[in-house]
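Colleague: I'd like to ask you about the structure that follows.
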Amino acid sequence: MKYYPVFLNLTGKKCVVIGGGKVAQRKVSSLLKAGAVVTVISPALTPGLAGLKNRGAIRHIDRQYEDGDLRGAFLTVSATGAVGLNDKITGGLVNAADQPEKCDYIVPSQITCGQLAIAVSTSGISPALSRTIAAELRQMFGGDFSSYLSFLKKFRQKVIASNTERTADKTALLKMAGSSASVAAVREGRLKELKARLSKMLRELSK
């Protein structure tokens, strides 16, 4: 099975997690970090989920899943392990934590460093390998890359708004900022030097 890789904007979106165990708690935590509005359907909750409920961070339906519970859901996670339940679930995009073959989507291993997000998937074949590769990427793209992205966010806006009609030069400068040479400079601890060089080139472009 092949999956279409995509990053979803879940801010304010209704997401439903069926189940109240440790797996469900991990899924809920990730959804909340992404800004989702989370409903948990389960007759029992882990202490962590119960704490989220008490703080008003999640909505809790204290019973087993029933038809119609997913009305209006943008995304659904089934994390109960109940035999046959996944065949009954219809509502938004569905992830069955224990049955990848029944998933509309899968959750990849991921690393985040500020606004840098890298996701790794083996299409559900080996989550362990995904985690190993993600750990190696974390070593490669941690550190100053978060600071560099913060710089690039403003830098890109300044390049686009610069007072010049030399569109090709603007494009070339933006490509340079994202080039392998720039990546190497960040990785080697030369971020200050890189930022100074790019800023100088921007000033020259705007003359």
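The values are calculated or read from the model by the stated rules, or taken from the named source; none is laboratory data. Not measured: the values here are computed from a predicted model. Cβ coordinates were reconstructed from backbone atoms using ideal geometry, including for glycine residues, and neighbour counts include every protein chain displayed. Keep in mind that these areas ignore ligands, DNA and RNA; they rest on the heavy atoms of the full protein, side chains included. Shrake-Rupley method; radii C 1.70, N 1.55, O 1.52, S 1.80 Å.
Colleague: Just a yes or no: is a residue in region 20-34 of a type in the set (S, T, N, Q), in contact (Cβ under 8 Å) with a residue 24 or more places away in the chain, within 24 Å of ASN9 (Cβ to Cβ) and not in a helix (DSSP H, G or I)?
Modeller: No, that holds for no residue.
Colleague: Among the residues of region 97-114, is there at least one that is of a type in the set (Ser, Thr, Tyr) and farther than 28 Å from SER78 by Cα?
Modeller: No, that holds for no residue.
Colleague: Also, I was wondering about something else. Among helices (runs of 4 or more DSSP H) lying entirely in region 99-207, which contain 3 or more residues that are touching a residue at least 12 places away in the same chain (Cβ under 8 Å) and open to solvent by less than 30 Å² (accessible area, probe 1.4 Å)?
Modeller: Filter on region 99-207 gives 145-161, 191-205.
Colleague: Another question, then. GLY51 - would you say it is open to solvent by less than 40 Å² (accessible area, probe 1.4 Å) and either more than 30 Å from LEU137 (Cα to Cα) or in a strand (DSSP E or B) (or both)?
Modeller: The answer is yes for GLY51.
Colleague: Condition first: touching a strand residue (DSSP E or B) at 6+ places or on another chain (Cβ under 7 Å) and either over 18 Å from VAL28 (Cα atoms) or at pLDDT below 70 (or both). Now tell me which residues in region 73-88 satisfy that.
Modeller: Taking region 73-88 as the starting set, the residues that turn out to be touching a strand residue (DSSP E or B) at 6+ places or on another chain (Cβ under 7 Å) are 73-80, 85-86.
LEU85, ASN86, listed by residue number.
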